[in-house]
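Here is the structure we will look at.
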Amino acid sequence: MDEVQLLTRKINRLEKARVKAEQILEQKALQLWESKQELEKKVKERTQELEIAKDKAVKAQMAQKNFLANMSHEIRTPLNAIIGMAHLMSDYELNNQQKEYLNTLIHSANILQDLINDILDLSKIDSGKISVVNESFDLIDFLNIIKSIFLPQAKKKGLDFLLKIDSDIQNFVLADKKLLNHVLINLIGNALKFTERGSISLIVELHNRQEDKQYITFKCKDSGIGISKDQQEKIFNKFIQADKSTSRKYGGTGLGLSISKKIIELLGGTLEVASEISQGSTFYFTIPLTLSQEKSIIKTSPKKKKDKITIKQILIAEDNLLNQMYLKNLLNKWKIEYKIAQNGQEAIDLMASSEFDLVLMDIQMPTMDGYQATTQIRNTINNTIPIIALTANSFAEDREKAKQVGFSDFLSKPYNPNQLQELLLKYSR
Amino acid sequence: MKGVVFVGFFELVEKEFGYEMVDKLIDSCNLDSDGIYTSVGTYDHSEMVQLVTKLSEFSGIGVPDLLNTYAKYFGKTHLRKYESFYQEATDTFSFLESIDGHIHVEVKKLYPEAELPKFSTNKLSDNKLELLYSSKRKMGDFAEGLILDTADYYNEKIEIQKKNIEEDGSQVLFTITKI
Ligand code: HEM
Ligand SMILES: Nc1ncnc2c1ncn2[C@@H]1O[C@H](COP(=O)(O)OP(=O)(O)O)[C@@H](O)[C@H]1O
């Protein structure tokens, strides 16, 4: 075989190999493309699945929120009656045994009420319904008031209560007093609960000042039972108590700290804890408080407080018999006349035929609810008469809606006699 | 068997014996592929057996020697393209230890049709490693060449003891000593 022939055979073979290689590559490219298509399809499917899952989660959350709102309503209405009746009962001559029973009843009802309020607070914070409302106030005064609330309780347990305020702190600040108050009361309350001897200190220090803000560190320090390292990470979670015996021994719901933590976050800080078992605990946070220019603080409604209810005729629109009875008893006691409507329509009819000084209107009623009735009253019958909404719904939204349709005020159930009395005084001329 | 093994083989044969030998091999073997190999294709393993056996016949060199030599050539020319595998390991032993769990795993991803041997390793000491080769393709001699080439790459001197665990060569135990 000569050289040329050999070379030709080689070239032939290589040429065929090249064609073959190209075919293989084409095929590979096709496979690659197909698997890419497949992959894209899968990604799409997964994305869809994720979206569906997210949707479900959101719906579940909504359902949970509605459930909370509804439950709170369902619980508040009968609780209102229980607390109300118990207060009415305490006006009677009771023997000691009966008094004791009644006290236990009132005490338990109050605990239940606290729990419901905590749950509602938490759900409000979770759903972003709590917003920071700043007002100008004297921080030092505010702290002294807190001290005056807790000092007697501490003394009763044989504990010292110390309030230490950094002298560099400027008195007048712009902040959400209610939220700050809520947190401090919770922290000091816990400190009192978990300390058997020694002292509780509220230490307030200036952290730093920046432009018109002073960053202030609040420390609530106790010499109580302390919290282990493990537990320190968990106690800020909902419904968590340091150990199972806690709830038996000290009570509580395990909600206080998680609410406080969220509030402090809302106020621009972080709630933290330092603690040593059986040495004590310190809960602390630093938040910015804006310095307030005005030294004179607008005192809340300097209106002279009236001391006598001048309201004579009240229209009660309420379908629940227990609540009707509670109201009737109170009004009888205060010698105020009233008429009762079972629903919104009856209320409108009564208003057309009689004169009233004030209306107490339940929101949820059959036939015509309180919103519809009030809208109609405002539009056609009486634009000025005070109409007070009585409701177990306590969400900010409900209050907002009540205001919009023309309610003058809002009393959330359960309410005690004093709260109603205050309102009646407020609308006495 | 992957085409690259055949392509590499013909390269070496042409280099050592001239193209005439390649042509002669193709002619004298009964190859389904007609000897038309491309590195991206896949061919029957028996074709490699035929080719090596015939080359041994024509050249008078034993099959083990041929495979051993070819493996060293294959390592230097074709495996070196996979730079990153070499860089990930620090020496001969760590490289050999990474074949079964890493290198051949990646190879399989790239070429799902590749037929690869199983390796298990046992480090006896800092300078002694046992490597057990298992494959029904019985290419222990090829493996030996690749091991030697690996040591070359890392500039290490090694000694290999080889022992057939299975008579037919489908399992071979290498005891490798650094010297
Ligand atoms: C960068 C490193 C390596 C790569 C990329 C690689 C890749 C490959 C590929 C593509 C094949 C052909 C598979 C087929 O024909 O279907 C193969 C086979 C083989 N490899 Fe590796 N390899 C590497 C290192 C090694 C080393 C160091 C050894 C020796 C210890 C080894 C031993 C073998 C053996 C013996 C075969 C022949 C098939 C068999 O015996 O079943 N490889 N390898
Ligand atoms: N000052 C404290 N000292 C020791 N343990 C505390 C203190 N404050 C809170 N804890 C632990 O953290 C848990 C959660 O507190 P909290 O959320 O306020 O719920 P509650 O007090 O209603 O159970 C408490 O049950 C208690 O175990």
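For the range A:153-168, which positions are part of a loop (DSSP other than H, G, I, E, B) and closer than 26 Å to A:ASN190 by Cα? Listed by number, the residues that qualify are A:LYS157, A:GLY158, A:LEU159, A:ASP166.
Quick grid of which residues meet (1) acidic (Asp, Glu); (2) closer than 18 Å to B:GLY140 by Cα:
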{"site": "B:VAL4", "(1), (2)": "no, no"}
{"site": "B:GLU16", "(1), (2)": "yes, no"}
{"site": "B:LEU25", "(1), (2)": "no, no"}
{"site": "B:ILE61", "(1), (2)": "no, yes"}
{"site": "B:THR77", "(1), (2)": "no, no"}
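A single entry from A:GLU34, A:GLU15, A:GLU93 fulfils the requirement of being over 30 Å from B:TYR19 (Cα atoms) and part of a helix (DSSP H, G or I): A:GLU34.
The single condition among (1) more than 30 Å from B:LYS24 (Cα to Cα); (2) surrounded by 11 or more Cβ atoms within 10 Å (Cβ to Cβ) that A:GLU45 does not satisfy is (2). As a summary of the residue check, B:ILE36 satisfies the conditions (1) surrounded by 15 or more Cβ atoms within 10 Å (Cβ to Cβ); (2) more than 23 Å from B:GLY140 (Cβ to Cβ); (3) more than 9 Å from chain A (Cβ to nearest Cβ); (4) not polar (S, T, N, Q) except for the one numbered (3).
A residue that is free of Cβ contacts under 8 Å to residues at least 40 places away in the same chain and either away from chain B (no Cβ under 14 Å) or in contact with a helix residue (DSSP H, G or I) (Cβ under 9 Å, 6 or more places away or on another chain) (or both) cannot be found anywhere in the range A:75-83. Scanning the range A:373-429 for residues that are part of a helix (DSSP H, G or I) and of a type in the set (Gly, Ala, Ser) yields A:ALA373, A:ALA396, A:ALA402.
Restricting attention to the range B:1-23, the residues being free of Cβ contacts under 8 Å to residues at least 12 places away in the same chain and either within 12 Å of chain A (Cβ to nearest Cβ) or crowded, with 19+ Cβ neighbours inside 10 Å (or both) number 5. Considering the range A:344-380, the residues that are buried (at least 19 other Cβ atoms within 10 Å of the Cβ) and not hydrophobic (A, V, I, L, M, F, W, C) include one that is farthest from A:ASN70 (Cα to Cα), namely A:ASP357. In the range A:227-344, counting only strands (runs of 3 or more DSSP E) that sit wholly within it, the ones holding 3 or more residues that are near ligand 2 (Cβ under 9 Å from one of its atoms) and at pLDDT 90 or above span A:280-291.
For the range B:134-145, state whether one or more residues are among the basic types (Lys, Arg) and near ligand 1 (Cβ under 7 Å from one of its atoms). Yes: one or more hits.
Among the candidates B:ILE26, B:ILE61, the residue that is out of contact with any Phe, Trp or Tyr (no Cβ under 7 Å at 6 or more places or on another chain), more than 14 Å from chain A (Cβ to nearest Cβ) and among the β-branched types (Val, Ile, Thr) is uniquely B:ILE61.
The values are calculated or read from the model by the stated rules, or taken from the named source; none is laboratory data. Fair warning: this is a prediction, and the values are worked out from it, not measured in the lab. With ideal geometry, Cβ positions are generated from the backbone for all residues, glycine too; neighbour counts draw on all protein chains shown.
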